[in-house]
Each structure stands twice: as structure tokens, then as C-alpha cells.
Number of protein chains: 2
Amino acid sequence: MKAGVERLDRGVYSVSGVHVLEAAAVGGAMEGAGPLGHVFDHLVPDDLDGTGSFEAAEASLAFTAVRRTLDKARLDASDVDVVLGGDLLNQLYSTNFAARQHQIPLYGLFSACATFTEAVGIGALLLASGGPARVVAAAASHHMAAERQFRYPIELGYQRTMTASWTATASGALLLAGSEGGGAGDGVEVTAVTAGRVIDFGSRDPMDMGTAMAPAAADTLGRHQKATGRRWSDYDQILTGDLGVVGSRILADLVPDATEFRNRHEDCGRALYGSDQDVHNGGSGAGCAAAVFAGWAYPRLFRGEMTRVLMVATGALFSPTSYQQGESIPAIAHAVEFSWRTEAS
Amino acid sequence: MKAGVERLDRGVYSVSGVHVLEAAAVGGAMEGAGPLGHVFDHLVPDDLDGTGSFEAAEASLAFTAVRRTLDKARLDASDVDVVLGGDLLNQLYSTNFAARQHQIPLYGLFSACATFTEAVGIGALLLASGGPARVVAAAASHHMAAERQFRYPIELGYQRTMTASWTATASGALLLAGSEGGGAGDGVEVTAVTAGRVIDFGSRDPMDMGTAMAPAAADTLGRHQKATGRRWSDYDQILTGDLGVVGSRILADLVPDATEFRNRHEDCGRALYGSDQDVHNGGSGAGCAAAVFAGWAYPRLFRGEMTRVLMVATGALFSPTSYQQGESIPAIAHAVEFSWRTEAS
């Protein structure tokens with residue numbers, strides 16, 4: 001089927017003919033020790049991964065996620081039109097240095113921890129334009145690199161509050177294709193895309209991202225639901241990332257039909273680590289949602305264990321500068337709907 | 001004509017039916033005092049523009065460029081599907097805070113000073129997908145905010161080298177539409193898009209961006225030329241941004257048919273300031289290429305003074321962290337071809 005798009009509302013599009021060809025998830029030691037440890041395609045043994053810095057290690061993770069995805073699809077870098085990707089580091093350090101290595105044309109993106117669904121959303125629409133044949137959507141983060149950039153020098157050993165999230169050392173990538181790139185037949189497709197708005201409820205605690213981001217998730221879920229006409233029960237799973245324990249509880253208070261919602265809601269940040277791993281609110285970071293979707297949700301869709309998943313990655317759009325200037329923390333959430341589709345449907 | 005895309009090569013697309021509806025350029029006092037001072041729609045009187053910080057002033061510039069563009073098109077924010085935009089600040093401070101104000105769904109982008117052509121390129125392909133009806137592509141930068149983030153505290157009063165560029169206090173925005181968003185008839189269209197690769201020639205001087213970025217511009221120009229079959233003489237102007245004096249000279253040494261090229265090449269950074277303004281290599285910053293195209297090149301296309309322009313914004317993808325870790329400076333350049341088209345053509 002030829003790829004196509006229908007505009008349902010401002011920023012909300014129904015998509016057809018855009019296939020997920022492959023996915024790969026890469027993580028660190030702590031991610032490997034968690035309840036989703038078995039879903040990773042590759043685990044790096046330590047925080048430096050053979051490089052000279054945490055930032056270079058993040059670039060290595062970002063590169064490896066793209067490389068593994070292509071290996072699994074038996075494709076080369078030259079078979080991909082464009083990588084759509086981003087990370088949390090200033091000036092997208094890891095995404096840009098990974099792209100220096102893979103040499104695939106790059107459109108760099110930033111929506112903080114919502115970058116992955118921005119990448120998949122743009123990627124699906126680009127493929128539906130009939131332009132690119134194949135794109136890779138990717139995102140990465142690294143705990144140690146994020147800590148020293150956003151919070152305190154690691155050596156300080158400060159005590160984290162109970163609402164604080166733990167930036168995941170992880171990267172996930174998805175290979176998407178229209179029919180000309182080999183996307184055909186039964187499989188997982190991107191079936192709807194919603195671009196988020198910047199929502200700011202006046203939250204000011206940089207150690208509580210879940211509270212800052214939950215209203216943005218609610219806004220995007222509401223716009224998506226209204227334009228697509230879907231009910232929560234149409235989904236096997238509604239996967240947010242990364243609201244964690246605190247943000248997930250708030251989100252359930254902000255959406256209609258809360259019981260229906262709660263029954264099928266899971267959060268990437270909450271799912272990634274075990275309660276014994278002392279991460280408090282849960283995982284976060286641009287790589288968290290990307291790796292959890294690529295390693296955990298996509299394979300279950302592919303195996304037919306789920307038929308429709310709504311993925312809503314959330315991002316807190318603050319910077320250390322905006323925070324130090326006394327600004328509140330705006331947030332954004334981008335949604336992508338994935339469905340198992342048979343040739344005939 | 002219905003919008004459409006044809007894949008010419010990996011990352012290179014021919015586009016039809018994507019119209020530029022309006023454009024606006026906003027600048028600071030120094031930009032207003034330069035040779036292009038008359039092309040700005042709005043000039044802010046001082047570096048703070050009534051805000052409390054240079055970063056907040058940049059957000060105000062970014063907002064104003066979007067607002068002015070919509071005012072000129074007699075449209076409201078609610079008439080736009082998505083803003084595609086970015087800036088140089090960590091975590092896209094100005095783009096995100098501007099989007100908090102205009103409340104248009106946002107896909108945040110980062111390609112450093114090449115962000116504007118990334119935005120227009122993605123925007124054109126999104127419109128060609130038949131999804132969004134109208135998008136705004138935008139980019140912003142602020143001299144004082146960039147200085148203290150990338151270089152030294154302003155109070156230091158350090159001496160700039162002769163190869164250093166001057167980050168422009170500027171923002172530019174372009175309103176793009178397919179036929180369903182009112183794009184019709186004679187006018188300026190996006191006719192081709194090339195996504196750049198990350199190119200690193202090993203340059204290590206953060207005070208010489210022109211040298212670091214010229215090879216990326218040459219790579220993108222070469223790929224664009226090869227895939228589209230265009231010659232330099234097919235363009236009234238080939239506009240790079242922001243190589244400045246130094247980078248423009250190097251670029252002319254890297255492209256074939258150098259004389260043909262030089263005859264129609266202009267650089268946004270070189271054009272923005274006068275030789276009496278002591279900016280050394282010329283202007284730079286994500287807002288430089290955006291404002292120079294929106295304020296200077298687009299109106300000449302619109303008035304029929306030019307019929308085809310190739311716009312190649314260039315970005316240096318270093319961060320203070322990558323530089324301090326001894327990394328060389330990778331660069332990227334994204335190309336967009338604009339053509340005057342009559343209904344019949």
C-alpha cells in the first residue's frame with residue numbers, strides 16, 4: 001500500500017503505509033540489571049564504554065543503536081535516507097558525533113525526553129510524503145553526562161529527592177520505511193501522529209519532572225483522542241515516557257475515564273527499573289522512552305501480543321539557564337500510534 | 001497543484017506544490033545599522049528588548065518573527081499546524097519559550113546555524129505528505145546570549161580573532177503551505193530539499209567557524225548538484241549561511257566551476273554587516289541565515305527580481321564540552337531550493 005496521510009486536526013494526522021522494519025535498544029549496566037534487562041540488544045559494561053568521557057560514551061550508545069537496527073534489518077548505512085534523532089546534551093553532542101560516524105544525512109531534533117516520538121512522528125510523515133525511502137528515528141541519553149550537565153558534579157554525591165528521576169543510560173532506534181523502502185505485508189505500522197504543544201503549569205522543581213510533564217501528556221492525549229475518535233479501550237497499551245511514579249499518578253487525575261486509562265497505562269520510566277534499584281521516581285532521559293519502546297513494546301507488537309499501542313513521550317523543556325533565571329518548567333509531549341496491520345486491512 | 005515529492009537520491013528530494021506564503025525578519029540594533037538594516041520587519045532597540053535576560057530577549061525575538069509572519073499573512077496562530085524551529089541555546093531555550101507563548105504545536109530542531117534550512121526542508125516534506133496544511137519554519141539567535149554560552153563572559157572584553165564570527169541578534173520565519181493551506185497560483189515555492197551529512201575536516205579552532213563549515217557546504221552542494229542535475233548557472237543566487245569571509249573563500253576552492261560559482265554566491269554572514277562594523281569574519285547564528293533569507297532573499301524572489309535561489313545554511317556542531325574534551329568541530333549544511341513558479345509551469 002502506498003503511504004499516505006490524512007489531516008484529522010491541527011497537528012494530528014492519520015498515517016497509512018509507514019512500516020516499522022526493525023528496532024534496537026542499547027543500555028548500560030544498571031538498565032541491564034532492571035526488570036527490562038533482557039530486552040536490550042546490547043548492554044555496555046561501564047559508564048565510559050571504552051571512550052574518554054561520558055558524553056563520548058553517549059555518542060557511542062547513539063551510534064550503536066542505529067548500527068544494531070540496521071544490522072538486524074541486514075541493511076547498510078547507505079540504505080537509509082535520513083536519521084532523525086536527538087539527545088539531551090547541549091548542542092546534541094551525542095547525536096551529532098554518532099552521525100559523524102554513520103554518515104547518514106541527519107536532521108537533529110530536540111524535545112528533551114519527548115525527542116523519540118518527535119523523531120518517529122516526523123519520520124512517518126516524511127515517508128508518507130513519498131520522499132525518503134527509509135529513515136531511522138533515534139534518541140539517546142547517559143546518566144552521568146546528564147547529571148553533570150543538568151544537576152550537580154557527580155563527585156558531590158548529593159542526596160536525590162524522592163520525586164527525582166534517574167536519567168537512563170540508553171539509546172533506542174527504529175527503522176521506518178514506506179513501500180519503496182521494503183515496507184510491505186503484515187506488520188507494525190505507524191498509524192497516527194500528534195505533535196505536542198508547549199504546556200506550562202508553573203512547576204518550578206527541577207527534581208520533579210513528572211509533575212511538570214503530566215499536564216503536557218494530558219494535553220496531547222486529549223487532542224489525539226478528540227481528533228482520532230479513539231477510546232482508551234482501543235489500545236492494548238498507552239505508554240508514556242517518562243512521567244515515573246509521580247507523574248503517572250497525576251496524569252491519571254487529568255484524563256477522562258481514568259479507570260479505563262489506568263488499566264492500560266504504563267510509563268517507560270516506571271517500567272525500566274526495579275523498586276530495589278533506588279531510582280525514586282523512575283527512569284527518564286531521551287534514551288529511556290526510545291529504548292523501552294524499541295526493546296520492549298515493539299517486539300510485543302511484532303509478535304502479535306498487542307495490536308495497538310499509543311506511545312506518548314514527554315519532555316521537560318527547561319535548561320539550567322532558564323531554571324536559574326527563575327523560569328517555570330514548560331513541557332511537551334508528542335504522540336505516535338503504532339498498530340499491527342495485515343495486508344488486507 | 002497538489003503537493004508532491006520525488007526522491008532524486010539519498011537525502012535529496014524534488015518538491016512541488018509547496019508555497020511560501022509569507023516571511024518576516026526581526027533583528028537587533030546592530031543588525032539594523034548594517035547594509036541590510038532596511039529589510040527587517042522589526043528591530044528591537046536594545047539587547048534586552050524589555051525582558052530580564054538575553055535568553056528571554058532571544059525568546060521574544062523568536063516569538064516576534066513567528067507573530068509578524070502570521071500578521072503579514074493575516075492568519076492567527078491557530079491557523080498553523082506546526083512550528084519547526086530551533087536556536088543555539090542549550091535545550092532550545094528561546095524556541096521552547098516562544099512556543100509556550102504562541103501555543104502552536106512544536107517540533108524543535110537543532111543543526112546549529114543550519115537549523116533554518118533543516119526547518120524549511122522538513123516543513124516542505126511534511127506539507128508534501130498531505131498532512132499539515134500550513135507550517136512555520138523559524139530560527140533565532142542572540143549575540144549576547146551566544147557569547148556567554150559558547151565563549152567568554154561578556155564582561156571579560158576579550159579580543160576576538162580576525163576569523164571569528166559575530167553571532168547575530170536576529171530571527172527569521174517562513175510560512176509554508178500546500179494547496180489546502182492557501183498555497184496556490186504564481187509565487188515562490190520550495191522546489192528541492194537536501195539533507196546534509198556531518199562532515200569533519202579536523203578543524204579545531206572555535207574562533208574560526210567558516211573553515212570548519214566550508215567542507216560541509218561543499219559536500220551538500222555537491223550532492224544536491226549531482227542529484228538534481230542543476231548547474232550553478234541555473235541559480236540567480238547561491239546563498240550560504242554563515243561561512244563569512246573566510247569560509248566563503250574556502251568554499252569557492254572546494255566546488256567545481258569556481259568562477260561560475262563565485263559569480264552568484266553570496267553568504268548571509270558576509271551580507272548582514274558592513275565592513276565598518278568590526279565583525280571580522282561576518283555574521284553567524286541560527287537567526288542570521290533565517291533573517292537574511294526571510295528579509296532579503298525571499299522578497300526579491302517574490303518581486304520577480306530572482307527566479308531561483310539555492311539556500312545552504314551551515315552549522316558547526318561543536319559544543320563547549322566537545323571542544324574542551326579536545327574534539328574537532330564537525331559541521332553540517334542543509335540545502336533548500338526556492339523557485340518562482342507560475343501556475344502553468
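The values are calculated or read from the model by the stated rules, or taken from the named source; none is laboratory data. Bear in mind that the values here come from a model prediction, so they are computed numbers and not experimental data. Neighbour counts run over all protein chains shown; Cβ positions are idealised from the backbone, glycine included. Note: areas computed on protein heavy atoms with side chains; ligands, DNA, RNA excluded. Shrake-Rupley method; radii C 1.70, N 1.55, O 1.52, S 1.80 Å.
With a length cut of 18 Å (Cα positions projected on each helix's long axis) and a Kyte-Doolittle mean of at least 0.0, go through chain B and give me the DSSP H helices that pass. Those that clear 18 Å and a mean of 0.0 are B:54-72, B:115-128. Which residues belonging to region B:83-118 lose at least 40 Å² of 1.4 Å-probe accessible area when the assembly is complete, relative to their chain isolated? Flagged in region B:83-118: B:ASN90, B:GLN91, B:TYR93, B:ASN96, B:PHE97, B:ARG100, B:GLN103, B:PRO105, B:LEU106, B:TYR107, B:GLY108, B:PHE110.
Given the Cα-Cα distance of A:ARG300 and A:HIS38 and 0.36 nm per residue of separation, how much length would full extension add, in nm?
On the way: separation 262, 0.36 × 262 = 94.32 nm, distance 1.34 nm.
Net length gain for the segment: 93.0 nm.
When the listed pairs A:LYS2/A:LYS72; B:LYS2/B:LYS226; A:LYS72/B:LYS2 are checked against a 31 Å cut-off, the alpha-carbon distance exceeds it for A:LYS72/B:LYS2. Near B:ALA3, the amide H atoms lying under 5 Å from its own belong to B:SER179; only residues 5 or more places off or on other chains count, and H is placed 1.01 Å from N. Buried surface between chains B and A: roughly 5100 Å² of accessible area, summed over both sides, computed with a 1.4 Å probe on protein heavy atoms only.
Can you give me the % of accessible surface on chain B that is carbon or sulfur? Probe 1.4 Å, all protein chains present, nothing else counted. Don't jump to the answer; show the numbers that get you there.
Details: 5200 of 10890 Å².
On chain B, the fraction of accessible area on carbon and sulfur atoms equals 48 percent.
Using a Gaussian network model of chain B in which every pair of alpha carbons under 10 angstrom is joined by a spring, one finds that among B:GLY181, B:GLY210, B:GLY269 the greatest mean-square fluctuation is at B:GLY181.
Surface exposure of region B:183-295, expressed per residue as accessible area with a 1.4 Å probe, stands at 32 Å². With R₀ set to 35 Å, the beta-carbon distance separating B:GLN324 from B:SER275 gives a calculated FRET efficiency near 0.60. Sorting A:GLU266, A:GLU31 on solvent-accessible area from highest to lowest, probe radius 1.4 Å, gives A:GLU266, A:GLU31. Cα centroids of region A:28-68 and region A:89-165: 14 Å apart.
A simple spin-label model places the labels of B:ASP46 and A:ALA258 5.0 nm from each other, with each point 7 Å out along Cα-to-Cβ.
Roughly what % antiparallel, to the nearest 5, for the DSSP beta bridges in chain A? Kindly include the intermediate steps, with their values, before the conclusion.
On the way: 43 of 65 bridges.
Antiparallel: roughly 65 percent of the beta bridges in chain A.
Using Cα centres only, tell me the gap between region A:242-320 and region B:272-345 in whole Å. Cα centres, region A:242-320 to region B:272-345: 39 Å.
For chain B, adding -39500 (n - 2.57) for each run of n ≥ 4 DSSP H residues and dividing by the number of residues yields -9500 deg cm²/dmol at 222 nm. The same position B:LEU48 in the other copies lies at 4.6 nm from this copy, comparing label points 7 Å beyond Cα toward the beta-carbon, shortest first. DSSP bridge analysis restricted to the protein assembly as shown gives an antiparallel fraction near 65%, rounded to the nearest 5. Would you mind telling me which residue in B:ASP236, B:ASP200, B:ASP76 has the biggest mean-square fluctuation in a Gaussian network model of chain B, where springs connect alpha carbons within a distance under 10 angstrom? Of B:ASP236, B:ASP200, B:ASP76, the most mobile in the Gaussian network model is B:ASP76.
Exposure check, 1.4 Å probe, all protein chains in place: A:PHE201 carries approximately 150 Å² of accessible surface. Across the identical copies, the 7 Å label point of A:TYR152, projected outward along Cα→Cβ, sits 3.2 nm from its counterparts, in ascending order.
Summary for A:PHE302: label point 7 Å along Cα→Cβ; distances to the equivalent points in the other copies, ascending, 4.9 nm. Rg ratio for region B:1-61: its Cα radius of gyration over 2.2 N^0.38 Å, N being its residue count, equals 1.75. If R0 is 51 Å, the Cβ-Cβ spacing of B:SER233 and A:ARG204 corresponds to a FRET efficiency of close to 0.35.
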